[in-house]
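The structure appears below as structure tokens.
The values are calculated or read from the model by the stated rules, or taken from the named source; none is laboratory data. Remember, predicted model here, so these are calculated numbers, not experimental data. Note that each Cβ is placed from the backbone with ideal geometry, even for glycine, and that neighbours are counted across all protein chains shown.
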Amino acid sequence: MRSDKQPVSAFCTPAAVPRRPGAGLKAEHVADILQSRPDIGFFEVHAENYMGAGGRPHQQLTAIRDVYPLSLHGVGLSIGGESPLDKDHLGRLAELNKRYEPGLFSEHLAWSTHETTYYNDLLPVPYDQATLTRVCDHIDEVQDVMGRQMLLENPSTYIAYAQSTISELDFLKEITRRTGCGLLLDVNNVYVSCTNQEQSPAAYLAEFPMQCVGELHLGGHAPDIDEAGRPLLIDAHDRAVDDAVWALYKNVIEMHGALPTLIEWDNDVPAWPILLREADAAQEILICAQDADLKAVS
């Protein structure tokens, strides 16, 4: 683990992503985007979709990068896993970062691999000292190889580990203190997790270390019930942002100001104009907050 606990400023960050809404880039939307050139802040891509050497995916991403800033979002490093990080995967991630110089780079507080098995899911970790040490070591390795700061995303959870001895918020705070990484605050994940754990999303957000946040995520969740008949929310990314999540986002922006905000819609992806409308809705919240600040100053 890094002994000098480098601050965020110790890492070189490429050209900044504007403090505006962006959208996840989908191949089926690229032609419409390049033709219409929408007034949107940035596009985010899942890193694992672009780890090949060339071909149409890179042609499309290069065309987008010529016009818009990028955010690179990894889903396969298994930061919370018990095994060592996959050096080949990390190397490909570093090459992708060098190729496109994204303004932001993020990964998840989760595990998704065990030995040679790769799971198509982001699984939660227990919050204890052993896991804390392992996660920090992994983040140190990633940031050293990448030569830049990583943002770590808070998870969506459905259960709590009996072995957890640290709260999620204290776990995240200690990670940032030890590693100098930043945080990606997924507001939908907060609402999903707090609903499933019967906690208050507003209370959680009131204690979140916003000084470490470099990006926000908004997405849709699927309502369900558990075997005891209690509400259960699934982080599905298959629909529009819920009204309750919009309300939490509005409060975050009013309290802390504008931040790069991604609209996530990864399953049952709609036509581009529908996704753009979600980004426009986020922009309206940012504008209203900025107008309120100006009135308060005057």
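Against the conditions (1) farther than 19 Å from V75 by Cβ; (2) at pLDDT below 95; (3) surrounded by 21 or more Cβ atoms within 10 Å (Cβ to Cβ), Q163 satisfies every one except (3). Within region 160-210, the set of residues being of a type in the set (D, E) and either in contact with a Phe, Trp or Tyr (Cβ under 8 Å, 6 or more places away or on another chain) or more than 16 Å from L232 (Cβ to Cβ) (or both) comprises E168, D170, E174, D186, E207. Of all residues in region 162-183, those satisfying the criterion of being under 19 Å from S106 (Cβ atoms) and part of a loop (DSSP other than H, G, I, E, B) are G180, C181.
Checked against (1) surrounded by fewer than 19 Cβ atoms within 10 Å (Cβ to Cβ); (2) touching a His at 6+ places or on another chain (Cβ under 7 Å), D144 passes all but condition (2). Taken over region 24-51, residues that are touching a Gly at 6+ places or on another chain (Cβ under 7 Å) and of a type outside the set (D, E) amount to 5. Considering the conditions (1) under 15 Å from G80 (Cβ atoms); (2) small (G, A, S); (3) surrounded by fewer than 16 Cβ atoms within 10 Å (Cβ to Cβ), S156 is excluded by exactly one of them, (3).
Note on region 169-183: residues that are surrounded by fewer than 24 Cβ atoms within 10 Å (Cβ to Cβ) and either modelled with pLDDT under 95 or not hydrophobic (A, V, I, L, M, F, W, C) (or both) total 8.
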